[in-house]
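Any read-out appearing in this document is the output of simple, stated calculations on the displayed coordinates, not a laboratory observation. Every value quoted in this text rests on a predicted model; they were computed, and no experiment measured them. Here the Cβ positions follow ideal geometry from the backbone for every residue, glycine too, while neighbour counts run over all protein chains shown.
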Ligand code: OOG
Ligand code: MG
């Protein structure tokens with residue numbers, strides 16, 4: 001019928017192969033019309049299983065499309081989750097590994113380190129924040145495996161929410177000592193401020209995004225574990241990371257992160 005349903009395992013392998021080969025591809029929904037969100041999360045989980053089988057360690061989760069800036073740019077208004085592994089950590093000061101990335105973009109994020117396990121349903125922003133031991137600024141480097149970042153919601157979920165790398169900022173604060181709705185990020189590209197936002201851009205408060213993650217995982221019988229990092233989603237639109245350029249995020253209380261692009 002001209003349709004192509006690779007199935008969960010094969011789809012996970014196709015997307016990992018695309019990342020490994022640094023080769024973009026067409027979205028799965030182009031040829032797999034019945035590909036739905038539940039199947040997409042199964043593909044994401046299968047890709048995590050394959051990553052762990054090759055030695056990667058699960059260290060947390062990321063949220064995506066939690067701000068209007070991101071939702072409007074990508075044309076999808078629903079937040080989503082992805083997995084974080086140790087292979088996605090880019091130590092501060094290390095250059096962006098362009099040879100390993102298709103078309104990287106950078107976005108400033110507020111990042112939580114969990115001191116306690118969080119299990120949905122019923123997690124509120126207040127109870128979520130209570131489980132946080134420290135909040136950091138950071139930059140996520142996203143890199144869709146789909147050509148020109150063209151995708152529908154199931155595609156980007158299957159692709160682990162375009163995850164590629166992230167850099168944790170230098171300052172970790174007790175979240176009770178900082179008003180995260182007012183925490184600002186300035187995005188600088190080659191010396192020019194190109195965008196700004198505060199934490200309120202992320203679901204009204206980034207702890208709301210954390211609660212959303214705990215509750216969404218709860219529906220799948222999963223939890224956010226103590227010791228995990230949670231990226232709460234791009235506060236602003238993402239900027240292209242061109243080789244040789246310099247992208248920085250300056251936070252009001254959480255320090256600066258600079259990428260040598
Ligand atoms: C989807 C990933 C979104 C965020 O923070 O919103 C994301 C994309 O923009 O390709 O990481
Ligand atoms: Mg992000």
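Report, to two decimal places, the Cα Rg of the range 8-260 normalised by 2.2 N^0.38 Å (N = number of residues).
Working: Rg = 16.8 Å, N = 253, 2.2 N^0.38 = 18.0 Å.
Taking N as the residue count of the range 8-260, the ratio is 0.93.
Quick check on packing: order 186-194, 163-171 by the mean number of other C-beta atoms within 10 Å, highest mean leading. Could the numbers behind the result be given before it?
Working: 186-194: 14.2, 163-171: 21.1.
Ranking, from highest mean packing down: 163-171, 186-194.
What's the whole-number percent of alpha carbon pairs in the range 1-144 lying beyond 25 angstrom?
In whole percent, the share of Cα-Cα pairs in the range 1-144 beyond 25 Å is 37.
For the ranges 89-98, 26-35, what's the packing order if you count other beta-carbon atoms within 10 Å of each residue, average per peptide, and put the highest first?
Peptide ranking by packing, descending: 26-35, 89-98.
If packing is taken as the average count of other Cβ atoms within 10 Å, what order do 227-239, 6-18 fall into, highest mean first?
227-239, 6-18
Roughly how compact is the range 122-238, stated as its Cα Rg over 2.2 N^0.38 Å to two decimals? Walk me through the numbers on the way to the answer.
Details: Rg = 15.2 Å, N = 117, 2.2 N^0.38 = 13.4 Å.
The reported ratio for this selection is 1.13.
If Rh is defined by the Kirkwood formula over all Cα pairs and Rg also comes from Cα, what ratio Rg/Rh do you get for the range 122-185?
1.09
Set the Förster radius R0 to 30 Å, insert the Cβ-Cβ distance between residue 68 and residue 147 as r into 1/(1 + (r/R0)^6), and round the FRET efficiency to 0.05.
My answer for the efficiency is 0.75.
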